[in-house]
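The values are calculated or read from the model by the stated rules, or taken from the named source; none is laboratory data. Remember, predicted model here, so these are calculated numbers, not experimental data. Here Cβ is always computed from backbone atoms with ideal geometry, including for glycine, and neighbour counts include all displayed protein chains.
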Amino acid sequence: MRSHIREFDSSTLNESVQNTIMRDLKAVGKKFMHVLYPRKSNTLLRDWDLWGPLILCVTLALMLQRSSVDSEKDGGPQFAEVFVIVWFGAVTITLNSKLLGGNISFFQSLCVLGYCILPLTVAMLVCRLVLLAEQGPINFMVRLFVVIVMFTWSIVASTAFLADSQPPNRKALAIYPVFLFYFVISWMILTFTPQ
Amino acid sequence: MAAADELAFHEFEEASNLLAETPDAVTTSGSGQLTPQGHVAVAVDSGGSYGAEEEVEESDKTALLQEKQQPGFWTFGYYQSFFDVDTCQVLDRIKGSLLPRPGHNFVRHRLRNRPDLYGPFWICATLAFVLAVTGNLTLVLAQRRDPSIHYSPQFHKVTVAGVTIYCYVWLVPLALWGFLRWRKRVRERVGPYTFLETVCVYGYSLFVFIPTVVLWLIPVPWLQWLFGALALALSAASLVFTLWPVVREDTRLVAAVLLSTVVLLHALLATGCKFYFFQPLPLEPLAPPPQATSLPLNLLPPPTPRSQVT
C-alpha cells in the first residue's frame, strides 16, 4: 500500500523484516507529525499510504466499543458501524471532490482524510481517561471542550491539505462534506458512555 | 492513477499515434487526476483523429446546454455533469427553495434546466444526521428532567433516518415522474420535467427542515408544532408552485389528486420524523410513540406525569 517512488523495488525484498517495519513506521510517524502541525506541504499527498488511517480507524473503533451488556439495538455504534462510517464516509467525500472537478487522486484523498482523524482519536483517549473520574456537568464540559478543539484541529488540518486541489469557486462545496464527516465522528466520541 | 489503468492498451497506441501526427498538440489531463507531464488521456467514447476529439470535447461542453449529445453512462464524465455547480449556484438554489413565490417555477428559474445531484445528496445526508443528533439531544434533555429515563446513544436511528430520507427523495420523484409522463398525452404545451429535475426539486425542498429540526430542541410542544407547520407549508408550497404549470392543463380531478397526494406525502414524512425522533418529555423508555398531549394524572402527583405502559 505504498506509492511508487522507488526505482529499484526489488532491493527491498532482501532486507530484514525489522527494516521494513521500521521504515513504514517512520513514514507513518512523519505523517502524524504533519497532521499535528499542519502546514501547506505535499508530504501527505506525495507519499500516500493507508497504514496510518487503518491504525487510527481500528483504534477509534476499539475505543468506542461498549460492553455488550446493553441490548444490541439501543446502544452505541458497534465496531463494524464505526469502521463502515469512517471508510464509506471517506470514499464518499473523495468521490464528491472528484466529481466536483478536483485534481486529487482517489487514494491521496483517502490518505489525507484518514490521517486527519488523528486529533479525534487523541480526543477519544482523553475522553476515556476523563470518564474514569466522577460523572457530572464538569466532566461533560471538559469532554465537550476537548472534542470541539480536536474537531477544529481536524478540519484545519484536512483543509490545509485538500483545499488547493479544488477549483476556486467550489472550495466550500468540497469542504462541507469533510466538516459533516468529522462532525459525525465527534458526535460519536462525545456521546460515548462506558457502561 | 487508477483511471490510467482503466484505459485499454490499444487506446494508448492510438494516443501515441495522435501525438506523433501532431507534435504541437495540446495534451489534456484526465478528469480528477494529478497528471505528470506528457500524459495524454483519451476519452473512452471518442474516436478518430485528434481534430474530432477536440470537437467532441467542445461539443460536450455545448451539449450540456443543448442536451444533444451526452457521454455514455459508463464514463466518469457523465456523472461529473451532475455536479457541475458552483458554491454560489448551490446557495442560490437553496434560497430559491426557502422563498417560494407563486409565479416563479423552481425548475425554470433556479435550475434553468441544469439539475445537479450535489444539493439533494448532501441536504439529505445533513438532514439524516441532524435528525439523529437532535433526537438524541432531546433524550439527554429528558433524562435531566427525569433521571429514571435510560439514556443511550441510539445509534441505529442514524440508519433509519438515512434510509427513510433517501428513499423518499428517490422513490417519490420516480413515481411522480412516471405519472407525469404517463399523462403526457393529455398536455400539449408544457412538457414534463426530467427525472433529475424532479429529484432536484424534492431535494432542495427538504432544506427548510434542517433548521426546523434544530429548533425542535426547544421543549415547548405548541412551538414545535408551529415550526413544523411553518416548515411544511414552505416546503409544500415550493413543490406545488413548481408542479402547477405542468398539471394545470390536466383535468381538474387529476390535478387536485396529484397535488394533494404530494402535499400529503410530505406531511407524512414530517410528522413521522417528529414522532419517531422527538418523543415528548417525559417518556417511559419502551413505550410506543405516545400522544403529544399529556396523559391523565391518575397516579401519584409527581412533578412530571408518567405515561401508562400498555
Any residue in region B:70-83 that's closer than 15 Å to residue B:197 by Cα and more than 8 Å from every other protein chain (Cβ to nearest Cβ): show its pairings with residues that are part of a loop (DSSP other than H, G, I, E, B) and not β-branched (Val, Ile, Thr) at Cβ separation under 8 Å, as long as the two are six or more apart or on different chains.
-> B:81/B:70; B:81/B:71
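Can you tell me which residues in region A:89-104 are without any contact (Cβ under 8 Å) to a residue 40 or more places away in the chain and facing chain B (nearest Cβ under 10 Å)? Working first, answer last.
Of all residues in region A:89-104, those without any contact (Cβ under 8 Å) to a residue 40 or more places away in the chain come to A:91, A:94-95, A:98-99.
The answer is A:94, A:95, A:98, A:99.
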Determine, yes or no, whether residue B:173 is over 25 Å from residue A:189 (Cβ atoms) and crowded, with 19+ Cβ neighbours inside 10 Å.
-> yes
Those residues that are surrounded by 20 or more Cβ atoms within 10 Å (Cβ to Cβ), at pLDDT 85 or above and part of a helix (DSSP H, G or I), I need them from region B:98-120; list them, please.
-> B:118, B:119, B:120
Of A:178, A:84, A:126, A:184, the only residue that is of a type in the set (Val, Ile, Thr) and more than 26 Å from residue B:160 (Cα to Cα) is A:126
Residue pairs meeting the criteria (Cβ under 7 Å; at least 6 apart or on separate chains; first within 11 Å of chain A (Cβ to nearest Cβ) and small (Gly, Ala, Ser), in region B:142-169; second in a loop (DSSP other than H, G, I, E, B) and surrounded by 18 or more Cβ atoms within 10 Å (Cβ to Cβ)) = B:152/A:75
Can residue A:18 be described as modelled with pLDDT of 85 or more and either in a loop (DSSP other than H, G, I, E, B) or surrounded by fewer than 15 Cβ atoms within 10 Å (Cβ to Cβ) (or both)?
-> yes
If we keep only residues of region B:220-251 that are more than 21 Å from the chain's Cα centre (by Cα) and among the polar types (S, T, N, Q), then the residue nearest to residue B:266 (Cα to Cα) is B:224
Would you check if residue B:227 is modelled with pLDDT under 90 and surrounded by fewer than 21 Cβ atoms within 10 Å (Cβ to Cβ)?
-> no
From B:177, B:170, residue being assigned to a helix (DSSP H, G or I) and touching a Ser or Thr at 6+ places or on another chain (Cβ under 6 Å) = B:177
Taking region A:170-194, which residues are within 9 Å of chain B (Cβ to nearest Cβ), within 16 Å of residue A:140 (Cα to Cα) and touching a residue at least 40 places away in the same chain (Cβ under 8 Å)?
-> A:188, A:191, A:192, A:193
For residue B:253, indicate whether it is over 20 Å from residue B:107 (Cα atoms) and surrounded by fewer than 18 Cβ atoms within 10 Å (Cβ to Cβ).
-> yes
Might you check whether a residue that is in contact (Cβ under 8 Å) with a residue 24 or more places away in the chain, more than 14 Å from chain A (Cβ to nearest Cβ) and surrounded by 15 or more Cβ atoms within 10 Å (Cβ to Cβ) occurs anywhere in region B:126-141?
-> no
Return the total of residues in region A:140-165 being within 10 Å of chain B (Cβ to nearest Cβ) and either within 13 Å of residue A:121 (Cα to Cα) or touching a residue at least 24 places away in the same chain (Cβ under 8 Å) (or both).
-> 1
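Matching residues to (1) in contact with a helix residue (DSSP H, G or I) (Cβ under 6 Å, 6 or more places away or on another chain); (2) closer than 27 Å to residue B:164 by Cα; (3) of a type in the set (Gly, Ala, Ser):
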site: B:80; (1), (2), (3): yes, yes, no
site: B:91; (1), (2), (3): no, yes, no
site: B:106; (1), (2), (3): yes, yes, no
site: B:110; (1), (2), (3): yes, yes, no
site: B:118; (1), (2), (3): yes, yes, no
site: B:121; (1), (2), (3): no, yes, no
site: B:125; (1), (2), (3): no, yes, yes
site: B:141; (1), (2), (3): no, yes, no
site: B:144; (1), (2), (3): no, no, no
Single unsatisfied condition, residue A:3 versus (1) farther than 29 Å from residue A:171 by Cβ; (2) at pLDDT below 85; (3) not basic (Lys, Arg) | (1)
